[in-house]
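S.K.: My questions will all concern the structure given below.
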Amino acid sequence: MKLHRLRKRCEQIVAELEVPEPFDIRKLCDVLGERRGRPIHLVPISLPAHTVCGMCVPTGDFDAIFFEQDTSPLHQLLIIGHEVGHLLAGHRATEVLDADASRLLLPDLDPQLVQRSLGRSNYAAAEEREAEMIGSLLLRRVREGLGDVDDEPLDGLQAELYGRLRHSLEHPRW
């Protein structure tokens, strides 16, 4: 899928959400859980280095979004938003862990369930891009909720360059 179409699809998905104002990721998960008929539980966890930062594990009764607890709050929002993106887009992960590895990582969950559900890095590349785009669009809601922030550097050419860079990043022509 071309980037422009991907962005439009993701913007439509996010636009259809009942996003709480001011934006709150936990409240968004509550709203989404009600809409899906199954709660979403956010679970901070210390994940092994050089592995995934987050994962969504659907169970029979609820969806659990595990996210790295030892990172910044902003990064946590992006991780959770990414995993929410997978849910919103209806993605399904493929098996990535054997039973022993899943018992080590998530000892309280059935290893077969983890094998079926885990694997942010094992989604198709297109699904990863889509989930990342949705997560980024949700994160933008946080920035919008903060209002105008006076973060412009100095003046003159620096300010002009900064303004153009900021505008191109916040309003890309994808």
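The values are calculated or read from the model by the stated rules, or taken from the named source; none is laboratory data. Because the structure is predicted, anything quoted here is derived from the model rather than measured. Just so you know, the surface numbers come from the protein's heavy atoms only, side chains and all, with ligands and any DNA or RNA stripped out. Shrake-Rupley method; radii C 1.70, N 1.55, O 1.52, S 1.80 Å.
S.K.: Per 0.36 nm of contour for each residue apart, how much would the distance between K8 and E21 grow if the chain were fully extended, relative to their Cα-Cα spacing? Don't skip to the answer; put the middle values down first.
M.R.: Working: separation 13, 0.36 × 13 = 4.68 nm, distance 2.24 nm.
Between K8 and E21, full extension yields an extra 2.4 nm.
S.K.: A follow-up question, please. Please compute the length gained on full extension between T51 and A126, using 0.36 nm multiplied by the number of residues separating them and subtracting their Cα-Cα distance.
M.R.: Working: separation 75, 0.36 × 75 = 27.00 nm, distance 1.98 nm.
Gain in length upon complete extension: 25.0 nm.
S.K.: Quick one: with all protein chains in place, what share of the accessible area of the range 5-75 is carbon or sulfur, to the nearest percent (1.4 Å probe)?
M.R.: Working: 2140 of 4070 Å².
Result for the range 5-75: 52 percent of the exposed heavy-atom area is carbon or sulfur.
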